[in-house]
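Have a look at the structure below, then the notes.
The values are calculated or read from the model by the stated rules, or taken from the named source; none is laboratory data. Predicted, not measured: the structure shown is a model, and the values here were computed from it. Cβ coordinates were reconstructed from backbone atoms using ideal geometry, including for glycine residues, and neighbour counts include every protein chain displayed. Quick note on the areas: whole protein, heavy atoms, side chains included, nothing else; ligands and nucleic acids left out. Shrake-Rupley method; radii C 1.70, N 1.55, O 1.52, S 1.80 Å.
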Amino acid sequence: MENTVEINRVIDRVCKKLGNRQALVRLFRNCYPNTLNTTIKQSQNQEPFVITGDIPAMWLRDSSAQVRHYLDAAKNDDELALMIGGIIRRQFIYINIDPYANAFNQEKNDHG
C-alpha cells in the first residue's frame, strides 16, 4: 500500500512540529509509513496480510501492533480504514482456525 493523502498529512504535521531537527524529521518520514510500504501484502482475494517478522507469517499480536499507530489517521482515510478492517477480519478467520496459535501463513502450505 502506498502512502495515502492522510498518511502524508500526518507526516507533514509531525515533521512541522519537529522543526529543524532534520535527523528526527528524516527518521519519522522513513519510519512512519514503513509498515504500509514494506510489510502489508494483498492476498489473492485482496485481503491484507501483515508480514510481521523474519519469516513470512502473520503473528496476531505483532500485526495489531504494526498498524496501531495508523488508527487515528484511519478516521479520515477510507482506504486506510478498509485496510485495517481487512486485517481484523483476517485475524478473526485465523482465530477461528486455531484459537491457540500465535502466527499463520498467508496461504495454506503445510509449513506449520
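Backbone amide hydrogens, once placed in the peptide plane, bring Y32 within less than 5 Å of nothing, excluding anything fewer than 5 places away on its chain.
Summing Lys and Arg as +1 and Asp and Glu as -1 over all other residues whose Cβ lies under 12 Å from the Cβ of P48 gives a net charge of +1. Of the residues F49, F92, F104, F28, the one with the largest accessible area comes first in the ranking F92, F28, F104, F49, computed with a 1.4 Å probe on protein heavy atoms. Would you kindly calculate the translational diffusion coefficient of the chain, applying Stokes-Einstein with the Kirkwood radius from alpha carbon pairs, for 20 °C and a viscosity of 1.002 mPa s, and quote it in µm² s⁻¹ without decimals? Approximately 142 µm²/s, per Stokes-Einstein.
The trypsin sites (Lys or Arg not before Pro) of the stretch 58-112 that meet both conditions, a loop assignment by DSSP and at most 13 other Cβ atoms within 10 Å of the site Cβ, are K75, K108.
Helix check for the chain. Which DSSP H runs span at least 18 Å along their own axis by Cα, with a mean Kyte-Doolittle hydropathy no less than -0.5? Intermediate values should be presented prior to the final figure.
Working: long enough: 5-18 (20 Å, 0.04); 78-97 (28 Å, 0.80).
What comes out of the filter, once short or polar helices are dropped, is 5-18, 78-97.
Under a Gaussian network description of the chain, with springs only between Cα atoms under 10 Å, the residue in N45, N96, N34 that fluctuates furthest is N45.
Normalised by residue number, the volume inside the convex hull of the Cα atoms of the stretch 49-112 is 83 Å³ per residue.
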